[in-house]
Amino acid sequence: MAERRLLVLFGSQTGTAQDTAERIGREAKRRHLQCRVEALDSCDVASLIHEPLVVFVCATTGQGDPPDNMKMFWRFLFRKNLPAGSLCQLDYAVLGLGDSSYPKFNFIAKKLHKRVLQLGGNPLLPVALGDDQHDLGPDAVVDPWLVALWDKILALYPLPPGLEIISPDVRLPPKYTLHYLPEDSPHPDSDLLQPTAPRGAPCELHPFAARVVFNQRVTAQSHFQDVRLIEFDIAGSGITFSAGDVVMIQPQNCPEDVQQFCQLLRLEPDRRFVLEPTEPGTSLPPLLPQPCTIRYLVTHYLDISCVPRRSFFELLSYFSTNELEREKLQEFSSAQGQEELYSYCNRPRRTTLEAMWDFPHTTCAIPADYLLDLIPRIRPRAFSIASSLLAHPERMQILVAVVRYKTRLSKPRHGLCSTWLASLNPEQGDVRVPLWVKKGGMKFPADPATPVIMIGPGTGVAPFRAAIQERVALGRRGNCLFFGCRYKSKDFYCQTEWEELVAKGFLTLFTAFSRDQEEKVYVQHRIRENGRLVWELLSSGNAHVYLAG
């Protein structure tokens, strides 16, 4: 009988595609299929020629771009020299997750489906196009598509005699088991819990722990928004960057939330444990030290402040000893309950920790083994780099708007990363932030004679500050900046710096302060007023235009 094995590969930017891929993995286990779930870039692409059955789950980001964790796979797949029939043994299906308000809706899934077909693959189903804009979200497409997919797969790979599909009422085993170490076992050096100096250039798996040099508020105290200019010391990191590049920062949960979480689940923060995979071949989470404390796991790894997904409530329902709570959890994880889940979770931006408070009987019954199945890991956040190494050697600066807003919930919502960064005070000792750099999408002209028109309202000005510093250090003039904010006296970032450059003839600056007069004025009004200059730069100067914000 043919080997019943399935490979689920995902390309995910925000975690939705990964969450869906893991759901397919769970459904495969219920059908007794051997199943691996991996990011596309973690899989050895050349080995696809030996795979009988693959499901691809991929998101589309930006303007029709592949997510970061499938970029290498994408380049390989579109190599011209791949033979036409190289995937002829492969049965496959593609599930796309996108947003129809973008012109290139599900572009990556459509293109992937077509390319695998070109290489000889045999599609089990038409490509599925999940849409964020649908009232029920992508699940409106995903749910019925998966029903059809399992019908196809079970027709090709029937259940072995004597085996039934494992009922949805039965809880599947966890991905890892958590073995507590005896309280008196020797402690390793606490350095273990510090990101170590990376081998080679810092990256997601080996970030550089950069020291915070300063953290200053650049908006007036009376202004509603707190915006910070933060500088890091990157000496000895091997990090290089140029204007337009992006720094990735790995944030952490605040001590109060960590304490609350441990109390709710009755966990001892200082208990140490090692993780063991339940199934051979499952790799350990790369960013967790072994052994590890509960406090480290909750502070640095579990995203307890994210808005929980449908899969969270589904798994939670298995632990519920309270009938009322279990019924509600089952409703939230059913197809029919998605609208209600949306108004409970997504609309008010309720966090995982807050949802756990609402299900106290269930929460205190969660076995620690399931924590990594239940709660996704904290994802890194991207910030435009706001300085140039030519102006500030061995330093890197970012401009951070601290995210804080109200919903119908009594407690204001806080952005995890920006709130954490704003709280760091370098005067209180050695404060460090794990970070690494990624190439950005903006490239500035190599020809020094090419003028540059930059439109950067608000914190959108960050990459242009890097570009202007870089260009001025190289003696390049022809820098034209349109900057907009609310008030000249409250949120005019880097005002002195711009004014000095204008005085030295390096910068032409146009400002729009929307609230400083009766009628609102924005950058587009300033562009229209200076249409003649803009046209001049474009038509005879061959200027490049950049927009961020």
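The table below gives the values:
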| read-out | value |
| --- | --- |
| Given the chain, longest segment not containing exposed loop chymotrypsin sites (Phe, Trp or Tyr not before Pro) (DSSP; at most 14 other Cβ within 10 Å) | 225-521 |
| Among beta bridges that DSSP assigns inside segment 1-75, antiparallel share in %, nearest 5 | 10 |
| Residue-count net charge about Phe506 - beta-carbon cut-off 10 Å; Lys, Arg +1, Asp, Glu -1 | +3 |
| Using a Förster distance of 41 Å, the FRET efficiency for Asp447-Tyr102 (Cβ separation, nearest 0.05) | 0.80 |
| Segment 5-156: relative contact order in percent, alpha carbon pairs under 8 Å with at least 6 residues between | 21 |
| Calculated FRET efficiency for the pair Asp65/Arg432, C-beta based, R₀ 22 Å, to 0.05 | 0.10 |
| The chain - convex hull of alpha carbons, volume per residue in Å³ | 190 |
| Dipole magnitude of the chain about its Cα centre (Cβ charges: Lys, Arg +1; Asp, Glu -1), debye to nearest 20 | 1600 |
| Percentage relative contact order, segment 452-547, counting C-alpha pairs under 8 Å, at least six apart | 34 |
| Extended-chain gain in nm, criterion 0.36 nm per residue less alpha-carbon gap, Thr496 and Asp358 | 44.7 nm |
| Percent antiparallel among DSSP beta bridges (both partners in the chain, rounded to 5) | 50 |
| Segment 5-156, Cα convex hull volume normalised per residue, Å³ | 99 |
| Environment charge of Gln250, counting only residues whose C-beta is closer than 14 Å and scoring Lys/Arg +1, Asp/Glu -1 | +3 |
| Entries of Lys29/Lys111; Lys411/Lys490; Lys71/Lys114; Lys29/Lys152; Lys80/Lys114; Lys80/Lys110 with Cα pairs more than 21 Å apart | Lys29/Lys111; Lys411/Lys490 |
| Charge sum, other residues only, whose C-beta stays under 9 Å from Arg217's C-beta, Lys/Arg counted +1 and Asp/Glu -1 | 0 |
| Cα-based helix-to-principal-axis angle, 107-118 vs the chain, degrees rounded to 10 | 60 |
| Equivalent ellipsoid semi-axes, segment 255-374, via Cα gyration tensor eigenvalues times 5, rooted, Å | 26, 16, 14 |
| Whole-angstrom gap from segment 465-492 to segment 424-449, using each part's C-alpha centre | 17 |
| Distance (nanometres) between label positions extended 7 Å along Cα→Cβ at Gln89 and Leu474 | 5.1 |
| Full-extension gain in nm, Leu117 to Glu518, via 0.36 nm per residue minus C-alpha separation | 138.4 nm |
| Principal-axis tilt of helix 462-473 within the chain, Cα atoms, nearest 10 degrees | 50 |
| Cα extents of segment 381-446 along the three principal axes, largest first (Å) | 51, 33, 17 |
| Additional length obtainable on full extension of the chain from Arg266 to Asp233, 0.36 nm per residue less Cα span | 8.0 nm |
| Protein accessible area in segment 452-547, 1.4 Å probe - carbon and sulfur % | 50 |
| Solvent exposure of segment 255-374 as accessible area per residue, Å², 1.4 Å probe | 46 |
| Under 12 Å from the Arg171 label point (7 Å along Cα→beta-carbon), backbone N, segment 280-317 | 315-317 |
| Distance-filtered residues of segment 104-119 - backbone nitrogen under 17 Å, label point 7 angstrom along Leu82 Cα→Cβ | 107-119 |
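The values are calculated or read from the model by the stated rules, or taken from the named source; none is laboratory data. Bear in mind that the values here come from a model prediction, so they are computed numbers and not experimental data. Heads up, the Cβs are rebuilt from the backbone with ideal geometry, glycines too, and the neighbour counts pull from every protein chain shown. Quick note on the areas: whole protein, heavy atoms, side chains included, nothing else; ligands and nucleic acids left out. Shrake-Rupley method; radii C 1.70, N 1.55, O 1.52, S 1.80 Å.
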